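Below is one structure, written out as structure tokens; the observations come after it.
The values are calculated or read from the model by the stated rules, or taken from the named source; none is laboratory data. Given the structure is predicted, the values throughout are model-derived calculations rather than measurements. Methodologically, a virtual Cβ is constructed for each residue, glycine included, from the backbone with ideal geometry; neighbour enumeration extends over all protein chains shown.
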Amino acid sequence: MVQPGTFNRILAASKGKPHEAVMNDVVLRSQAQAIYDPANIGHFGLNLAKYAHFTSPIRRYADLIVHRALIRAFKLDEGGLTDREIGALAGIAEHITMTERRAMAAERDSTDRYVAAYMEDRVGQTFGARVTGVTRFGLFVRLAGSGAEGLIPIRALGGDYFHHDERSQALVGQRTRQRYGMGDELTVKLVEAAPITGGLRFELADDSGSQMGHRPQKAGHSPKSGRPAKEHRKGRFKAKKR
């Protein structure tokens, strides 16, 4: 069974190295998303058998529930949880988990739109990037300077047919054996920015292609096609927290 210390050792070993940011992402995504639950099942990341989410009642409804539970448990004052509310805790926990997911999704979508608007004037420019996600339809990359993220569709990787090696998180060319994997550094060109949807689409820059041995697409050859970046946004590897 994987223990929190395993992740800590992985993160410590990658600290200060080129793949540090990617390793942080992978470790985060490999863990289940946190949920609110009336049963105290502890906290995996903190290696705690008992854990209560607790900050301030003016910030989260979950914190208010904890405050009121403490008031009742220690008979501190009026305002503690009632018997009816205690009986409804499972439903309350499910609801506030859902609303937190919804708020996080709205925050991500808003950030994507602002970044796409910022990048719209930079269409045609080239950037240094690192691969942060590998899927059957292309590569997700993050720009070194701004942190903007977008998709290189698989059709933009050249004339080869690329297979998705899910185990090693890589796209591998059938003919050339060219390989693109997590953490690879690439030079990319921005070819589309869509502020309305928040999508960014890239392709390999000419110098990146020549350095990595890419060949131009042959006439009559139809490689495995990709799709627009935003259409697949919800299907990408999602960061998970615990």
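Annotations for the structure displayed:
- Those strands (runs of 3 or more DSSP E) of region 108-176 in which at least 3 residues are in contact (Cβ under 8 Å) with a residue 40 or more places away in the chain and farther than 19 Å from Ala194 by Cβ, considering only elements entirely within it, cover 126-135.
- Filter pass, Arg113 being buried (at least 16 other Cβ atoms within 10 Å of the Cβ), in contact with a Ser or Thr (Cβ under 9 Å, 6 or more places away or on another chain) and either assigned by TED's automatic domain parsing to the domain that holds Asp63 or hydroxyl-bearing (Ser, Thr, Tyr) (or both): yes
- Condition check for Ile96 on (1) at positive phi; (2) touching a residue at least 60 places away in the same chain (Cβ under 8 Å): one failure, at (1).
- Residue tally, condition under 21 Å from Gly181 (Cα atoms), touching a residue at least 24 places away in the same chain (Cβ under 8 Å) and not in a helix (DSSP H, G or I), over region 1-31: 4
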